[in-house]
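Notes follow once the structure below has been shown.
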Amino acid sequence: MYFAALLARTEDGWEASDLELDDVESLSDLIDLARSAAVDDDTVVALIEQEDAWFGVIRVDGEEDPRYFVSNASVADRSSYGAMLTKELLGTDEEDDELDELDLDGTEDGEDEPIAAYTDEDDDEDDEPRAGSEPVPAGPLGDPRLLDDLGVGHKELMSLDGEALSEIADALGATDVLEAVR
């Protein structure tokens with residue numbers, strides 16, 4: 001079972017809306033929903049969790065490229081919505097699920113560098129992420145710093161489990177509005 005919500009920042013705080021995943025067939029659909037929930041092109045944070053198995057955060061700031069974080073990529077990749085996120089983060093085409101396009105070294109055809117996953121040693125923002133050898137790495141994947149400026153530090157984000165969305169909402173000051181749509 002999934003839970004998903006959109007948190008849209010306004011000048012008065014956060015507004016939450018329940019995200020109906022039945023209407024989401026692609027990551028583009030999800031991004032479009034987030035952008036449509038934005039107030040004056042301000043920040044929108046989409047939160048998705050599948051029970052206590054994994055959670056994902058998508059941040060949309062106006063027309064800028066969205067940023068993503070998944071708490072456990074290998075587990076998320078086994079679910080339909082998690083797979084949309086991991087495929088985006090790994091740079092694979094959503095329309096093409098054929099495993100034969102992956103080389104044994106963990107790169108896609110035509111790529112020169114291995115797929116990257118964030119590790120705790122990647123604390124300097126200017127450093128490139130450490131290369132991983134798995135097509136879908138176990139553990140966190142994406143930009144763990146996507147909520148740093150909103151009060152959720154990257155180390156905190158990477159250590160969350162269980163009640164992750166509630167803890168994120170608490171740090172954002174959006175607990176009441178998130179619980180209202182839960």
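A compact table of results
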{"quantity": "Sulfur and carbon atoms: percent of accessible area, segment 1-76 [1.4 Å]", "calculated": "38 percent"}
{"quantity": "Amide H contacts under 5 Å for residue 139, placed H, 5+ residues apart", "calculated": "73, 74, 75"}
{"quantity": "Estimated FRET transfer efficiency when R0 is 22 angstrom, pair residue 156-residue 53 (beta carbons, to 0.05)", "calculated": "0.65"}
{"quantity": "Protection-proxy order for peptides 16-26, 61-71, each taking the mean of Cβ atoms within 10 Å per residue, highest first", "calculated": "61-71, 16-26"}
{"quantity": "Placed amide H near residue 43: partners under 5 Å, 5+ positions off or other chain", "calculated": "9"}
{"quantity": "Percentage of interatomic Cα-Cα distances in segment 1-41 larger than 13 Å", "calculated": "53 percent"}
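The values are calculated or read from the model by the stated rules, or taken from the named source; none is laboratory data. It should be emphasised that the depicted structure is a prediction, and the values quoted were computed from it without experimental measurement. Because the Cβ atoms are built from the backbone with ideal geometry, glycine has one as well, and the counts that use them run over all protein chains shown. Calculation scope for accessible area: heavy atoms of the full protein, side chains included, ligands and nucleic acids excluded. Shrake-Rupley method; radii C 1.70, N 1.55, O 1.52, S 1.80 Å.
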